[in-house]
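Contents: one structure, followed by commentary.
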Amino acid sequence: MSTSSSPVTPELGRLGLWRGGTLLTPETAAEVERLEYGTIWIGGSPDADLTIAEQLLDATENLTIATGIVNIWKSPAAEVAASFHRVERNHPGRFLLGVGIGHRESLGDRYRKPYSALVSYLDTLDAEGVPAHRRVISALGPRTLALAAERAAGTHPYMTTPGHTRFARDILGPGPIVAPEQRLVPTTDAAAARDAARTFLSRYLSLSNYRRTLESHGFTAADLDDGATDAAVDAFAPHGTAADLAAAVQGHLDAGADHVCVQMLPAREDPLPALEVLAGELGLRSDVPSGPPGSVRR
């Protein structure tokens, strides 16, 4: 069993890209690195072989690649650990393993005692030599957030708001990583933006773990039912000018996030033009000018 790994958690940078694994290419990774984003998060429950992570690492020089997330019910811990060590040998210090428990609705009878299953999964990763500082947990509630502080480098929450980021930081304390995902719709057309956001949100707002989390952080059933109110949709998937999108990211940073990974909607559209404008607006690169109001997409 290999236990060699970088003694520190990979550098995430201030801003990253979250994108489904089936939509990621080596060419996209190279462009994201050129824009000086720090990390790409592979969404959609990547397989235990972590092949997609290695392909993205092969195409880049310094970019961190993370999983957002490996589903503990789908990908056996021992297989993931073996893949982690392979990736680490080839690209030392550049991979972060994100793990999580997924959704009861998609797992049926397998979704039993999820907290205990997650603890057992972490135990196996420990036994197979995957260090705690090279993994994060997708955590929403206080118990799992506390576990992320104790057994991992921190947390990578999905489908949350800055209010949850502040809640997570309060539980984790000042040391562990808080790296939330934030959905953005890069257009100033409010009607089109809300249509795209509602299409995306239609599944997530029916999942019990997200509903429970959102309702515990100030949203009501009336806010979330029947496609959600415009105000709720705008809170979950902000749209507008480059400055508006940057402000949504900054909201998480101000609430205590170390890193924010953005997911551009609609998910299948090329995210790179919006990422470039956002990079300029947030000062990731001095040679990428920020766009004038409305320059993201009309």
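The values are calculated or read from the model by the stated rules, or taken from the named source; none is laboratory data. Keep in mind that this is a model prediction, so the values were computed, not measured. For neighbour counting, all protein chains shown are included, and Cβ atoms are generated from backbone atoms with ideal geometry for every residue, glycine included.
Tell me, please, whether a residue that is out of contact with any His (no Cβ under 6 Å at 6 or more places or on another chain) and closer than 26 Å to Arg143 by Cβ can be found in the stretch 32-40. Looking through the stretch 32-40, none of the residues is out of contact with any His (no Cβ under 6 Å at 6 or more places or on another chain) and closer than 26 Å to Arg143 by Cβ.
Conditions (1) buried (at least 18 other Cβ atoms within 10 Å of the Cβ); (2) assigned to a helix (DSSP H, G or I), marked per residue:
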| site | (1), (2) |
| --- | --- |
| Trp41 | yes, no |
| Ala53 | yes, yes |
| Leu56 | yes, yes |
| Glu61 | no, no |
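Of the residues making up the stretch 229-272, those that are free of Cβ contacts under 8 Å to residues at least 60 places away in the same chain and assigned to a helix (DSSP H, G or I) are Asp230, Ala231, Ala232, Val233, Asp234, Ala242, Ala243, Asp244, Ala246, Ala247, Gln250. Condition check for Pro174 on (1) over 30 Å from Asp254 (Cβ atoms); (2) free of Cβ contacts under 8 Å to residues at least 12 places away in the same chain; (3) of a type outside the set (A, V, I, L, M, F, W, C): one failure, at (1).
Here the stretch 63-83 is the region considered, the condition is being in a loop (DSSP other than H, G, I, E, B) and touching a Phe, Trp or Tyr at 6+ places or on another chain (Cβ under 8 Å), and the residue that is surrounded by the fewest Cβ atoms within 10 Å (Cβ to Cβ) is Trp73. Can you confirm whether the stretch 5-21 contains a residue that is aromatic (Phe, Trp, Tyr), modelled with pLDDT of 95 or more, touching a Gly at 6+ places or on another chain (Cβ under 6 Å) and not in a loop (DSSP other than H, G, I, E, B)? Checking the stretch 5-21: at least one residue is aromatic (Phe, Trp, Tyr), modelled with pLDDT of 95 or more, touching a Gly at 6+ places or on another chain (Cβ under 6 Å) and not in a loop (DSSP other than H, G, I, E, B). When residues in the stretch 158-181 are screened for being crowded, with 23+ Cβ neighbours inside 10 Å, aliphatic (A, V, I, L, M) and either in contact with a Pro (Cβ under 6 Å, 6 or more places away or on another chain) or not in a loop (DSSP other than H, G, I, E, B) (or both), 2 of them pass. Take Ser202 and tell me if it is closer than 23 Å to Val87 by Cα, within 20 Å of the chain's Cα centre (by Cα) and touching a residue at least 24 places away in the same chain (Cβ under 8 Å). No: the conditions fail for Ser202. Residue count for the stretch 22-39, restricted to those that are surrounded by 23 or more Cβ atoms within 10 Å (Cβ to Cβ), touching a residue at least 60 places away in the same chain (Cβ under 8 Å) and assigned to a loop (DSSP other than H, G, I, E, B): 1. Residue check: Cys261 meets all listed conditions (1) within 28 Å of Leu96 (Cα to Cα); (2) at pLDDT below 95 but one, namely (2). Among what's in the stretch 237-284 and is among the β-branched types (Val, Ile, Thr) and within 19 Å of the chain's Cα centre (by Cα), pick the residue that is surrounded by the fewest Cβ atoms within 10 Å (Cβ to Cβ). Looking at residues that are among the β-branched types (Val, Ile, Thr) and within 19 Å of the chain's Cα centre (by Cα), I get Val249.
Residues are listed down the side, and each one gets a yes or a no for (1) in contact with a helix residue (DSSP H, G or I) (Cβ under 8 Å, 6 or more places away or on another chain); (2) at positive phi; (3) at pLDDT 95 or above:
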site: Gln182; (1), (2), (3): yes, no, yes
site: Ala196; (1), (2), (3): no, no, yes
site: Tyr204; (1), (2), (3): yes, no, no
site: Tyr210; (1), (2), (3): yes, no, no
site: Glu215; (1), (2), (3): yes, no, yes
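If you go through the stretch 219-236 and pick out every residue that is surrounded by fewer than 13 Cβ atoms within 10 Å (Cβ to Cβ) and under 22 Å from the mean Cα position of the chain (by Cα), you end up with 0.
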